[in-house]
Structure formats: C-alpha cells, structure tokens
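Enquirer: This structure is in structure tokens; I'll ask about it shortly.
The values are calculated or read from the model by the stated rules, or taken from the named source; none is laboratory data. None of the values given here were measured: they were computed from a predicted structure. We place every Cβ from the backbone using ideal geometry, glycine too, and count neighbours over all the protein chains shown.
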C-alpha cells in the first residue's frame, strides 16, 4: 500500500540542515537490473534460478553481504561478475522513481544540504548518480562504515562529517533497515511505502509550502 511513515508531525523539510537519502527504492528503481544480474551469476555458479537461491538469504544483511551465503568459496568471483553484469544493464534497467527529480529540485531550491547513505557498491553508485542533474555533497556506500544498515554507523559518519546536531538531520528511506538505522542514530525519519511513496511525500511537501 502506498503511504509514508514519519517520526515528525509535518513534512516541512526546511527545519532541517541536512537531508540524508537512501538510494535504491527511494530515488531509483533498480530491482529489474538486480534480478537480471543475479540470475546470471546464480546459473553460472550454482546452476539454479535466482529466486530459488534467494530463499537462503539472511534478511538482516544486504544483498551484497549475502554473497557468502549464496556462493561460499566462489563469493568473490560471483560478486565481480555480478558487478560487471549489473553495470551493463544500468542504461536499460535502472530508472528514476516518480517524484525523485521534484524532491531533489526542492532541496536544491531551499538550499538544503543532502547526502546519500546506501548499501550499494561505490562503483555502481557513482555510475547511477549521473541519472540526476544535481550533486550530493557527501555519500557513504557499502562497507565504507564499520557496519552497513541497519546499524547506525553510516548515518553517524555522515553526521560527523557535517558537524551538525542530530535533531537537525532527517533520513528519507524506504525500508525497515533505513528506519532502524535512523532510530539507532537518533535522527528523525520519513519512510516511503509502495511505488508511489515518494510521489506522495513530494505532494505533501508542496501542499505544506502553500499553506
């Protein structure tokens, strides 16, 4: 069901100094590209369908962190092939989520600082960020903090980088891992649910501006 979950009463982002954004599922939709790349490595290294292999996933870990569970001693080779296959499909299979351009334009217009915290590999994120006509002042990608989400480490690294108070930071994400990371870091959050979650948030922001 499409809706948004907030730890704040009003989606007035202007009261914050820093907006921290998740990437996959929040600003971009990359699931079809992930599936395509995972099908490739699943058949290559395990001769099995990705959806069957995915049943062994540890839900508390990111996809990349599950490669040891999926491929055991072949995990490094499989991950390297996954990256190559994923990169080859970015142009055709990764798209911006409805409302993402409007949200980023709003943040730029209001001169709000923005950062990205993602469990995506740095190489992949650097390629995908070119989808947007904006810049992100700081980013923390996979394994660049001691622990990935849902641990608060990446968020805390961002907060330390900007030297801002936690009550001036807002996290926008789309998963329980984003919510837990925000709660453990002590910052407010907005969690998007459903494919239209971001579009709903943008409309609420613009409605709030007109009041």
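Enquirer: So which residues in the stretch 93-111 are assigned to a helix (DSSP H, G or I) and either in contact (Cβ under 8 Å) with a residue 12 or more places away in the chain or surrounded by 13 or more Cβ atoms within 10 Å (Cβ to Cβ) (or both), if there are any at all?
Expert: 93, 100, 101, 102, 103, 104, 105, 106, 107, 108
Enquirer: A further question on this structure: Suppose we filter the stretch 66-85 for residues that are in contact (Cβ under 8 Å) with a residue 12 or more places away in the chain and farther than 15 Å from residue 40 by Cα; how many remain?
Expert: Of the residues in that region, 1 qualify.
Enquirer: Could you tell me whether residue 189 is in contact (Cβ under 8 Å) with a residue 24 or more places away in the chain, in the same structural domain as residue 25 (by TED's automatic domain parsing) and more than 15 Å from the chain's Cα centre (by Cα)?
Expert: no
Enquirer: Let me confirm something: among 56, 32, 10, which residue is at pLDDT 95 or above and more than 23 Å from residue 153 (Cα to Cα)?
Expert: 32
Enquirer: Might you check whether a residue that is more than 12 Å from the chain's Cα centre (by Cα), surrounded by fewer than 18 Cβ atoms within 10 Å (Cβ to Cβ) and part of a loop (DSSP other than H, G, I, E, B) occurs anywhere in the stretch 113-130?
Expert: The answer is no; no qualifying residue exists.
Enquirer: Looking at residue 147 and the list (1) surrounded by 15 or more Cβ atoms within 10 Å (Cβ to Cβ); (2) at pLDDT below 95, which single condition is not satisfied?
Expert: (1)
Enquirer: Moving on to the next point. With the checklist (1) within 21 Å of residue 15 (Cβ to Cβ); (2) loosely packed, with under 15 Cβ neighbours inside 10 Å; (3) touching a residue at least 60 places away in the same chain (Cβ under 8 Å) in hand, flag the one item residue 163 doesn't pass.
Expert: It is condition (3) that residue 163 fails.
Enquirer: Right, next: Regarding residue 192, is this residue modelled with pLDDT under 95, exposed (fewer than 15 other Cβ atoms within 10 Å of the Cβ) and more than 29 Å from residue 84 (Cα to Cα)?
Expert: So residue 192 fails the test.
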